[in-house]
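Taking it in order: structure first as C-alpha cells, then the write-up.
The values are calculated or read from the model by the stated rules, or taken from the named source; none is laboratory data. The shown structure was predicted, so the numbers you read here are calculated from the model rather than taken from an experiment. As a convention, Cβ positions derive from the backbone with ideal geometry for all residues, glycine included, and neighbour counts pool all protein chains shown. All accessible areas refer to the heavy atoms of the entire protein, side chains included, with ligands and DNA or RNA removed. Shrake-Rupley method; radii C 1.70, N 1.55, O 1.52, S 1.80 Å.
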Amino acid sequence: MKLDLKLYRGYVNEQELVVFGHLFKSLAPDRYRMDRRGIRHAVSVFQMFRIKPLKNIEIRLKFRSKEVVTKTLDDGYFRFNLPFNEKLESGWHTYEVSAEFSGYGIVETGEILKPYESKLAIITDIDDTFLISHSNNFFKKLYVLLLRNINKRKIFDDVVEHYQYLSLAGQEDGETSNSFFYVSSSEWNLYGFIHEFAVMHQLPKAVIKLKKIKTGISDFLLTGRGSHDHKFEKIKDIISFYPNLKYVLLGDDSQKDPDIYERICKIFPENVKAVYIRQTTSRKKNSVVELLKNLESLHVSTCYFRDSERAISHSKALGIN
C-alpha cells in the first residue's frame, strides 16, 4: 500500500501559527509528472484527480517546542491553528508532520513563514492574472490544461518584473522581501503544478491557498468552476491574521476577482493600498470600470491594465517602494 502526505506552506504571527496539508492512501497529486508530452501529460492530469484521501487519521505536528496531534477531515485535509508566542526570527522555517495508517508510517517536512518587517503584503490570483489559463473559455481552458505541460504553459509579459518589484518594495538590504500569498479557485490537486510553475519563472516565494481538493474525473471537468466565495474567505483570513499590513490585491476580469476585492476593501477600509485587475478581453468591462471607480472613492488606488508594463508604471507612480 502507498501512503502519501502533502504539506503546504504555513504561516505564523506573534500569537498563532497555521499549518495545513492532506493525507492520501494513494500518491499525492504532485507525484505525477507534469513535464510529459501529449497524451502522457493528459494521463498525468487525470491521475492528479483520482487520488484517495484518508479521513479521521491521526496527524502529528512538531515545530520548535510544539508537538500537537489532530486528525484529518473527511477529504483528508488537516489544519493546525495553534497558539504560538515563542521568539521566532523573520523568514522561512521548517516544520515536521507525521502520520501512521495500517502499520505504515510517513514523515514529511514543510515550510512556515514569519513575515519580514515591512508595511506591505501582496495577495494575487493565479489563473489569467499571471498564468495564462483562458478561464472565460471552458473548452480552451480544458484543452490547455490537458495538452500543454508545465514547460509549455505561458506567463504574461513583464508580470515577473512587476511581482519582483512588489516583493522588494521598501526592502533595503536585498535579503528580505514582502510577503506574497497566491489565492486561487484552482483545487489543491494543482498545488504542485502551481508551485513548480512559480519556481520556473522566478516568481516570489509565496504561501499558496487553493480550493477544496477533488477526487474524481467528473470533479476534474469542473476544475476552477463553481462558487468563488472561498477566495473571499481566504483573503479575509490573511488580512485578519496580519492586520497591521497594507495590501496590494492583484486579479483579473475573467471571473469574480473585482467583486471579491470590492468586498474586501469595504470590510478592511484601512488595509488595501491598491487593486490591480488584468483585462483579459479586447475591451474593458463597464462593470469593472464602475467598480474600480467606487474603490477609488474609498481611497484605494486602482489599475485596470492589459499589459503588466502599465501596472509597473502605476506601482512606481503610486510610490510603492
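In this structure, the pairs whose alpha-carbon distance is over 29 Å, taken from K114/K154; K209/K273; K141/K209; K119/K212; K25/K66; K6/K119, are K114/K154; K119/K212; K6/K119. Between the amide H of D252 and those of D257, R278, distances stay under 5 Å, these residues lying 5 or more places away or on another chain, with hydrogens modeled in the peptide plane. Each 10 Å bin from zero holds the following percent of Cα-Cα pairs in the chain: 5, 26, 34, 25, 9, 1, 0.
Loop-located GluC sites (Glu not before Pro) in region 113-202 (DSSP state not H, G, I, E or B) with no more than 12 neighbouring Cβ atoms inside 10 Å: E117, E172, E175.
In the context of the full set of protein chains, the chain has a per residue accessible area of 48 Å² (1.4 Å probe). Entry note, the chain: the mean residue ellipticity at 222 nm calculated from DSSP H runs of n ≥ 4, each adding -39500 (n - 2.57), is -8500 deg cm²/dmol after division by the residues and rounding to the nearest 500.
The apolar share of the surface of the chain, taken as the fraction of accessible area on carbon and sulfur atoms (1.4 Å probe, ligands and nucleic acids excluded), comes to 46 percent.
The value of relative contact order for region 16-170, using C-alpha pairs under 8 Å at least six residues apart, is 22 percent. Per-residue extension of 0.36 nm, minus the Cα-Cα distance of K285 and R148, leaves a gain of 46.4 nm for this segment. Near the amide H of E187, within less than 5 Å, lie the amide hydrogens of K211, G224, all on another chain or at least 5 residues away, with H placed in the peptide plane. For the chain, a Gaussian network of Cα nodes joined below 10 Å ranks I277, I57, I122 by mean-square fluctuation, and the top entry is I57.
Remark: relative contact order (the chain) = 17 percent; criterion is Cα-Cα distance under 8 angstrom and separation of 6 or more residues. With R₀ fixed at 41 Å, the C-beta to C-beta distance from D173 to I39 puts the FRET efficiency at about 0.25.
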